[in-house]
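The values are calculated or read from the model by the stated rules, or taken from the named source; none is laboratory data. Only a predicted model underlies this, so the values are computations on that prediction, with no experimental measurement involved. All Cβ positions, even for glycine, are placed from backbone atoms using ideal geometry, and neighbour counts span all protein chains on display.
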Amino acid sequence: MTSGALFNLVTIGYFAAMVMFIGFLATRNFGVARIASWTAIAGFIVHTVGIGLRWYETYQIPGGEGYAPMSNLYESIVFFAWTILLIYILIEWRYNQKAVGAFVLPFAFLAMSWAQLSLDSTISPLVPALQSNWLTYHVITCFLGYAAFAVACGVSIMYLIKVRKEEKADDKAGGILSLFPSAKILDDMNYKAIMIGFPLLTLGIITGAAWANYAWGTYWSWDPKETWSLIVWFIYAAFLHARITRGWAGRRAAYLSIIGFVATVFCYLGVNLLLSGLHSYGG
Amino acid sequence: MTQKQQSILTKLWDFFCSLKLSIFCLITLAITSIIGTVIQQNQTKEHYLKVFDPDTYELLNSLQMFDMYHSTWFIGLLILFCINLVCCSIKRLPRVWKMVTRPALVPSNAALEAFSNTTERNVRGNLDEVRTRMETFVKEHFAPTRCTETDDGVYLYAERNKYARFGVYVTHLSILIIFVGAIIGNVFGYKAYVNIPEGGSVDKVWLRSGEPIDLGFKVTCEDFSVSFYENSQRPKEYKSILTVEENGEVVVDKRPIVVNDPLSYNGITFYQSNYGPAGSEIMTIKVQLRGEDKTQAFTLRRGEKAQLPDGTSITAADFTQSYRNFGPAARLSVQKVGEAATSVIVFKNFPEFDKQRKGTYLFSLEEFDQRYYTGLQATKDPGVWVVWLGCTLLVVGCLIAFFVSHRRMWVVLREKDGKVQVRLVGTSHRNQPAFELYFDKLKEAFNKQLA
């Protein structure tokens, strides 16, 4: 069995979990939600094994000296989906709010299917610039941060839907929205997710800077990738300050969280695909 | 100062201290930073004129858009951001400092009422005995207590993680430290380049502007090599072997440097940056007459010609390190007397390859030697350690600010109708829900203790 085959299984698993989470919102059957959760967890375990297997495979190719499988777009997307699930499972375990799955699993499913369907999954040994332990530290911290922001974004969308309903005060009507956590809890989850993501992003930027300093002799050169990571950092820093400012909490904070994630995605993909710079590996 | 002036000053001060200004700065920095990722920075005028018409060019140029991260307005924005950071801290730090160094040992009743985590119990016994029990209880479950006796009753105070209050300020300070480090690097550091041919030495490096800088020592490139992954053109390693001599003495002997492993000496760091050919390559071509054992070897530079005994000439027309995936290859131009020249490709890794051609002669590429120069970047940045200090503080500050909370606890003991009224009050400066759970558990233990 190859890692590619395992990742196909994972993609199907996340799709099934996503459909069941949405089914749960429609049917309000908690049994469905539980199966959805377990499917997601099973997918995550296979995903973990798959990444381990690919790591092993990097030693098996001719001339391969092995590397942590995070060196090109395909590998990073697969890893990104893995981190989204990791953060999601932590949040679900902490809050036990099943409805959130319907808003977070789609990110993981989209990432996996994009990777499996249209990205080049060839294992190629590392070019000199990437031969560094910093690669692993940098990628892990960045992507855990990104994943936390993805969860925060999903939760913020739920918040905006929920708060409109709550303000109309016709919550008695129930429906799908009654399965959502209250706006207060959603706001708290959003904050918690960003609280996890922000230090990780900070570490990701710092490890990136340290690596750049080690490989290129400058820790900061206003390269588009660096600049966009800083833009993302500014947005979430604004979010953290907005939450304690009157008139900026609630809706505006939720919008900032969504904008932050859009900027994150641009930083991750847009920069590689649309702009030019030092960071164009395997894009 | 008139009252009006005073009120303007207060307003100005409040403006610089305000969170709204922080949010404004962060969002403006985020939005304006986008410009420099869309407009390529620090290109030549000719380059920009290909993209923009002259009027747009003039406009963008006057707005310093082509080097926007060093423009007056962007730096101004960063300075505003720093002023905001400093003012916020000056405004809030003294209060926090007081709270940490001189905690409210005896808060007013109103203050105690305001905290939502509270429980109360009346117990039999005398005040001193209950007090000792409570001191042990709080010490065991939370933290050592400080006792204050007042006319109103006995107050026990305990706290944990009081330094968590400084997390935010450490974060803010760390950003200023990073800026200081960056300024030190910009003022006292430089980024320069030098190319050294294999076997050559330099004692100077050159800035982008062309200005030379004396190193104060001599760097020699002993060797440069580039290697590729098996059967591919994917580069595996660029390696220079450097020797450093100072005052005629070898201080660094034949140290290899590769892309992710630079060499530092005397505060100057040398990075493997690029490479190129220094002069043309020398190749050794072996020639064998078909059916004979005797071979003859020719050493040729690119473009050089050699004559075979029968008058046929061979010219080393071209050479490459890696032809497709077959490794080093040379193209020879072979011309028999009175005929047109033909091209013959020979591979170093496949000496038998030319047999297929069925020519009079069998050619093979025996050896080749390419002299390279190594391109090094030489950087001096005395501010980099200040930046790393700032970065460390930034992460530590963030973690403290987000995940550690200052928790305080009071026990108020009062004699009342022959009994002792014991009141337990707790508060946390952040993450209330987690503290509530903690306090509920503590309440159970408290009731058991006093039962």
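Observations, loosely collected:
- Residues in the range A:246-283 that are outside any helix (DSSP H, G or I) and buried (at least 16 other Cβ atoms within 10 Å of the Cβ) were compared, and the one that is modelled with the lowest pLDDT is A:Gly282.
- Residue in the range B:423-451 that is nearest to B:Glu129 (Cα to Cα), counting only those that are outside any helix (DSSP H, G or I) and under 39 Å from the mean Cα position of the chain (by Cα): B:Thr427
- Whichever residue in the range A:19-46 is aliphatic (A, V, I, L, M) and closer than 18 Å to A:Ile77 by Cα and, among such residues, is surrounded by the most Cβ atoms within 10 Å (Cβ to Cβ): A:Ala40
- Residues of the range B:269-297 classified as hydrophobic (A, V, I, L, M, F, W, C), under 20 Å from B:Asp223 (Cβ atoms) and at pLDDT below 85, total: 3
- From the options B:Arg92, B:Arg102, residue that is within 30 Å of B:Glu159 (Cα to Cα) and within 14 Å of chain A (Cβ to nearest Cβ): B:Arg92
- Matching residues, the range B:384-422, being surrounded by fewer than 20 Cβ atoms within 10 Å (Cβ to Cβ), within 21 Å of the chain's Cα centre (by Cα) and not hydrophobic (A, V, I, L, M, F, W, C): B:Thr392
- Checking each residue in the range B:241-271 for being closer than 16 Å to B:Val205 by Cβ, facing chain A (nearest Cβ under 9 Å) and in a strand (DSSP E or B) picks out B:Thr269, B:Phe270, B:Tyr271.
- Only one of the numbered conditions (1) loosely packed, with under 15 Cβ neighbours inside 10 Å; (2) in a helix (DSSP H, G or I); (3) in contact with a helix residue (DSSP H, G or I) (Cβ under 8 Å, 6 or more places away or on another chain) is not met by B:Ile75, and that is (3).
For (1) touching a residue at least 40 places away in the same chain (Cβ under 8 Å); (2) not assigned by TED's automatic domain parsing to the domain that holds B:Val123, each residue gets a yes or a no:
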residue: B:Gly390; (1), (2): yes, yes
residue: B:Val395; (1), (2): no, yes
residue: B:Ile400; (1), (2): yes, yes
residue: B:Glu415; (1), (2): yes, no
residue: B:Lys419; (1), (2): yes, no
residue: B:His429; (1), (2): yes, no
residue: B:Pro433; (1), (2): no, no
residue: B:Leu442; (1), (2): yes, no
residue: B:Phe446; (1), (2): yes, no
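- Residues located in the range A:131-146, provided they are surrounded by fewer than 22 Cβ atoms within 10 Å (Cβ to Cβ) and in contact with a helix residue (DSSP H, G or I) (Cβ under 7 Å, 6 or more places away or on another chain): A:Ser132, A:Trp134, A:Tyr137, A:Thr141
- Verdict on A:Leu160 being out of contact with any strand residue (DSSP E or B) (no Cβ under 6 Å at 6 or more places or on another chain) and free of Cβ contacts under 8 Å to residues at least 60 places away in the same chain: no
- Test: residue in the range A:236-251 that is touching a residue at least 60 places away in the same chain (Cβ under 8 Å) and either in contact with a strand residue (DSSP E or B) (Cβ under 6 Å, 6 or more places away or on another chain) or among the small types (Gly, Ala, Ser) (or both): yes
- Among the residues here, B:Ser264 does not qualify as within 58 Å of the chain's Cα centre (by Cα), at pLDDT below 80 and of a type outside the set (Phe, Trp, Tyr).
- Pairing residues of the range B:11-40 that are over 14 Å from B:Cys88 (Cα atoms) and at the interface with chain A (Cβ under 7 Å from one of its Cβ atoms) with residues that are aliphatic (A, V, I, L, M) and outside any helix (DSSP H, G or I), at Cβ distances under 8 Å and at least 6 apart in sequence or on separate chains, gives B:Thr37/A:Leu275.
- Exclusive hit being more than 9 Å from every other protein chain (Cβ to nearest Cβ) and more than 18 Å from B:Thr171 (Cβ to Cβ), set A:Ile258, A:Ile194: A:Ile258
- Scanning the range B:136-179 for residues that are crowded, with 19+ Cβ neighbours inside 10 Å and basic (Lys, Arg) yields a total of 1.
- Residue selected from the range B:212-242 under the condition of a type in the set (Gly, Ala, Ser) and over 26 Å from the mean Cα position of the chain (by Cα), by the criterion nearest to B:Phe326 (Cα to Cα): B:Ser232
- Qualifying residue in the range B:180-194 (condition: β-branched (Val, Ile, Thr), within 27 Å of the chain's Cα centre (by Cα), at pLDDT below 95 and surrounded by 20 or more Cβ atoms within 10 Å (Cβ to Cβ)): yes
- Subset of the range B:356-400 [more than 14 Å from chain A (Cβ to nearest Cβ), more than 21 Å from B:Pro277 (Cα to Cα), among the polar types (S, T, N, Q) and not in a helix (DSSP H, G or I)]: B:Thr360, B:Ser364
- Residues of the range A:219-230 that turn out to be under 18 Å from the mean Cα position of the chain (by Cα) and either among the hydroxyl-bearing types (Ser, Thr, Tyr) or crowded, with 23+ Cβ neighbours inside 10 Å (or both), as a count: 2
- Failed item, numbered, when B:Met68 is tested on (1) of a type outside the set (D, E, K, R); (2) exposed (fewer than 13 other Cβ atoms within 10 Å of the Cβ); (3) within 14 Å of chain A (Cβ to nearest Cβ): (2)
- Restricted to the range A:112-126, and to residues there that are of a type in the set (Gly, Ala, Ser) and either in a loop (DSSP other than H, G, I, E, B) or within 24 Å of B:Arg234 (Cα to Cα) (or both), the residue that is modelled with the lowest pLDDT is A:Ser124.
So that you can scan it fast, the table gives a plain yes or no per residue for (1) farther than 17 Å from A:Ala183 by Cα; (2) more than 9 Å from chain B (Cβ to nearest Cβ); (3) polar (S, T, N, Q):
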| position | (1), (2), (3) |
| --- | --- |
| A:Ile231 | yes, no, no |
| A:His241 | yes, no, no |
| A:Trp248 | no, no, no |
| A:Ala254 | no, yes, no |
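- Whether a residue is within 13 Å of chain A (Cβ to nearest Cβ), closer than 30 Å to B:Asn349 by Cα, in contact with a strand residue (DSSP E or B) (Cβ under 9 Å, 6 or more places away or on another chain) and polar (S, T, N, Q) was assessed, and B:Ser227 passes this test.
- Of residues in the range A:202-218 being among the hydroxyl-bearing types (Ser, Thr, Tyr) and modelled with pLDDT of 95 or more, the one surrounded by the fewest Cβ atoms within 10 Å (Cβ to Cβ): A:Thr207
- Test: residue in the range B:42-62 that is within 31 Å of the chain's Cα centre (by Cα), within 14 Å of another protein chain (Cβ to nearest Cβ) and surrounded by 17 or more Cβ atoms within 10 Å (Cβ to Cβ): no
- Hits in the range A:17-68 (condition: within 14 Å of chain B (Cβ to nearest Cβ), out of contact with any Gly (no Cβ under 8 Å at 6 or more places or on another chain) and touching a residue at least 60 places away in the same chain (Cβ under 8 Å)): A:Ile61, A:Gly63, A:Gly64, A:Glu65, A:Tyr67
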